[in-house]
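The values are calculated or read from the model by the stated rules, or taken from the named source; none is laboratory data. What you are looking at is a predicted structure, and each value in this text was computed from that prediction instead of being measured. All Cβ positions, even for glycine, are placed from backbone atoms using ideal geometry, and neighbour counts span all protein chains on display.
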Amino acid sequence: MTTSQPCLVLMSKRPKLHQGKQRLAQTLGADAAYEIAKLLLDCAIEDAQAWTGQVVLAVAHQEDVAWAQTLVDKKLSSDVSNAGGNKASVIFQGRGNLGERLNHIDQSIRRQNKCQQGHQSTVFIGTDAPMLRQAHYIGLADMLKQHDIVLNMAADGGVVIMSNSKPWPKLTDLPWSSPYLGASLAACCHSWGLSVGYHTPGYDIDEKADLITLYQDLKGDLRPARQALLQYIENLLTRQESNSCTTQ
């Protein structure tokens, strides 16, 4: 028998200075990009804390598994904060490009859940879409009963959430990190005979302009990690404006 709530998979990288968020680093500096990466991870963890089903933290590097387990034990253990009372687990994403890693994770979770008579629906999120709200998640489980694949499209042509009730097709050759990803992913799924549904769209954080948009969207959001990110963005933009005025 399967459970009603899908498994939430958080695709994550350990925030490190001079690694990741390079487009932000080019305009805001490496230190700011690093701080933002940490705050973005906190926002994604916040979503995982509110999840009422199984949670899997999938890390990009094998050497970060121990770090991720510490993070899980501190913030996602059932006796700390996970809303569903389910202790989260950690998995290494595997090798290859993002498509290969997604296939590997999906297959691993399905094998594990089959052995445990668990559910077969999975929801994948990253750490770069802190604008995600309850509206982006609510109803996903019901949609996955009607569609094999459900996509929350991103404004730049990518996806902010990708969910599946059947195994993903081979994702290796998709144009990852391009504005064609969302359409290509849907076309790939259709070519494998999978039905595709669409849920509430969103956007991710790649550029300074995205932070400005996010700053407006997060006003009034009382979730603690979002408030911390909002405060950092406000201070960052204020400092940049002040420095700009000083140099003129």
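Residues that are part of a loop (DSSP other than H, G, I, E, B) and buried (at least 19 other Cβ atoms within 10 Å of the Cβ) were ranked within region 14-40; the one that is modelled with the lowest pLDDT is 20. Does residue 217 count as charged (D, E, K, R), buried (at least 18 other Cβ atoms within 10 Å of the Cβ) and out of contact with any strand residue (DSSP E or B) (no Cβ under 9 Å at 6 or more places or on another chain)? No: the conditions fail for residue 217. Criterion applied to 174, 236, 222 was being part of a loop (DSSP other than H, G, I, E, B), in contact (Cβ under 8 Å) with a residue 40 or more places away in the chain and farther than 14 Å from residue 156 by Cβ, and the one residue passing it is 174. Scanning region 175-201 for residues that are surrounded by fewer than 16 Cβ atoms within 10 Å (Cβ to Cβ), of a type in the set (Ser, Thr, Tyr), farther than 12 Å from residue 164 by Cα and under 18 Å from the mean Cα position of the chain (by Cα) gives 177, 178.
Against the list (1) without any contact (Cβ under 8 Å) to a residue 60 or more places away in the chain; (2) assigned to a loop (DSSP other than H, G, I, E, B), the condition residue 153 fails is (2).
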